[in-house]
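Comments concern the structure below.
Since every read-out is calculated from the coordinates, none of them should be taken as a lab result. All of these numbers come straight from a predicted model, not from anything done at the bench. Cβ atoms come from the backbone with ideal geometry, glycine included; neighbour counts cover every protein chain shown.
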């Protein structure tokens, strides 16, 4: 194509310089000679069908009709992305992921409306829940865990009642053992409030069933930390020599001794304080 253009440019320049007019034509390019040659000429623009159709009347659309249709349109993805970013403080990336499907965005908004911290809800919706749904080829309309229950899981992570790892076990139990429609179906007068109570009850019950309530009693935690320090002199010395892996090993031993119930943030703070 570039060879044809180059030849045609040179040829047309030569024609104009020699005083010839350039007519409209369809040309053929010969790659063997590198030249173009005319196939057929065009008399005028009508040959290209650049003319109005006399049988088509003018189309006049009333502005009022346009506005009425616009008012009935649902919130479009780009508008929803902007709202998620402005109202819920999400990044453009998170907002774009959430608006990949209407059901995912709706689930997120319902969970936030039920009291879930937006960023944490986003992480769970786009992460753990999406992974599980994709494995089963389901959408968020079919999610076994409804938005109020996810909101309660997120609340309990946020206030330190359970850790992220514990939350995954809770979600697993809810996913496989709770029908999110049963508890709220019979409570119609205050449906939203009833769903909230049912969600909290289910999540709290799952935590107690699994024994995952996080240990926040500093005195009890200090007893465990002291025992781990006493039993791991080598790791203590390595940490004091500047080896961070040794500190992580001690944290792991403390979490194991607490049955995974210790608050990781609290463990880190108390352990560093004791090690100096």
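Treat each spin label as a single point 7 Å out from the Cα along the C-beta direction, and report the residue 76 to residue 20 distance in nm.
For the pair residue 76/residue 20, the computed spacing is 5.1 nm.
Give the order of 202, 142 when sorted by the count of other beta carbons within 10 angstrom, beginning with the fewest. Working shown, then result.
On the way: 202 25, 142 10.
By the 10 Å Cβ count, ascending: 142, 202.
Please report, in whole Å³, the volume per residue of the convex hull around the C-alpha atoms of the stretch 2-47. Before the final figure, lay out the partial values.
Numbers: hull volume 3.6 nm³, N = 46.
In the stretch 2-47, the Cα hull volume divided by residue count equals 78 Å³.
Please work out, to two decimal places, the log10 of the ratio I(q)/I(0) at q = 0.20 Å⁻¹ from a Debye calculation in which every Cα of the stretch 63-145 carries one identical scatterer.
-0.88
In whole Å, what is the distance between the alpha-carbon centres of the stretch 99-145 and the stretch 1-15?
59 Å
Take the stretch 218-275, drop everything but the C-alpha atoms, weight them equally and run the Debye formula without solvent; then report log10 I(q)/I(0) at 0.16, 0.17, 0.18 Å⁻¹ to two decimals.
Values, matching the q order: -0.40, -0.45, -0.51.
Hey, what number do you get for the chain at 222 nm if only DSSP H runs of n ≥ 4 count, each worth -39500 (n - 2.57), divided across all residues, to the nearest 500? Let's see the in-between values first.
Numbers: 15 runs with 169 residues, N = 276.
After summing the helix terms and dividing by residue count, I get -18500 deg cm²/dmol.
What's the exposure ranking of 208, 172, 18, 146, going from fewest to most Cβ atoms within 10 Å? Don't jump to the answer; show the numbers that get you there.
Details: 208 10, 172 14, 18 7, 146 23.
Ordered by Cβ neighbours within 10 Å, fewest first: 18, 208, 172, 146.
Using only the Cα atoms of the stretch 76-210, what semi-axes does the equivalent ellipsoid have when each is the square root of 5 times a gyration tensor eigenvalue? Give whole Å, largest first.
Values: eigenvalues 109, 54, 45 Å².
Equivalent ellipsoid semi-axes, largest first: 23, 16, 15 Å.
Quick check: residue separation of residue 29 and residue 245 times 0.36 nm, minus the Cα distance between them. What number comes out in nm? Working shown, then result.
Values: separation 216, 0.36 × 216 = 77.76 nm, distance 7.05 nm.
Value of the extension gain: 70.7 nm.
Quick check: pseudo-label points 7 Å beyond the Cα along Cα→Cβ at residue 93 and residue 223, how many nm apart are they?
4.4 nm
So, by mean Cβ neighbours within 10 angstrom, what's the order for 87-94, 160-167, 241-248 with the highest one leading? Don't skip to the answer; put the middle values down first.
On the way: 87-94: 14.4, 160-167: 18.1, 241-248: 12.1.
Put in order of decreasing packing, that is 160-167, 87-94, 241-248.
Just checking my list [x] 19.9, 62; [y] 21.4, 63; [z] 34.3, 103 against Rg and Dmax of the Cα atoms in Å computed from this structure; which label fits?
Label [z] holds the value from this structure.
At what distance in nm do the modelled label points of residue 265 and residue 1 sit from each other, each positioned 7 Å from its Cα along Cα→Cβ?
5.8 nm
Helix 191-210 versus the longest principal axis of the chain: what angle, 0 to 90°, nearest 10, using Cα atoms?
Between the helix axis and the principal axis of the chain, the angle is about 60 degrees.
In which sequence would 152, 11 go, from the one with the fewest C-beta neighbours within 10 Å to the one with the most? Walk me through the intermediate numbers first.
Values: 152 27, 11 15.
So the residues, fewest neighbours to most, are 11, 152.
Under the 0.36 nm per residue contour assumption, what length would be gained going from the current alpha-carbon distance of residue 233 and residue 215 to full extension? Please list the in-between numbers first.
Values: separation 18, 0.36 × 18 = 6.48 nm, distance 2.47 nm.
Length gained between residue 233 and residue 215: 4.0 nm.
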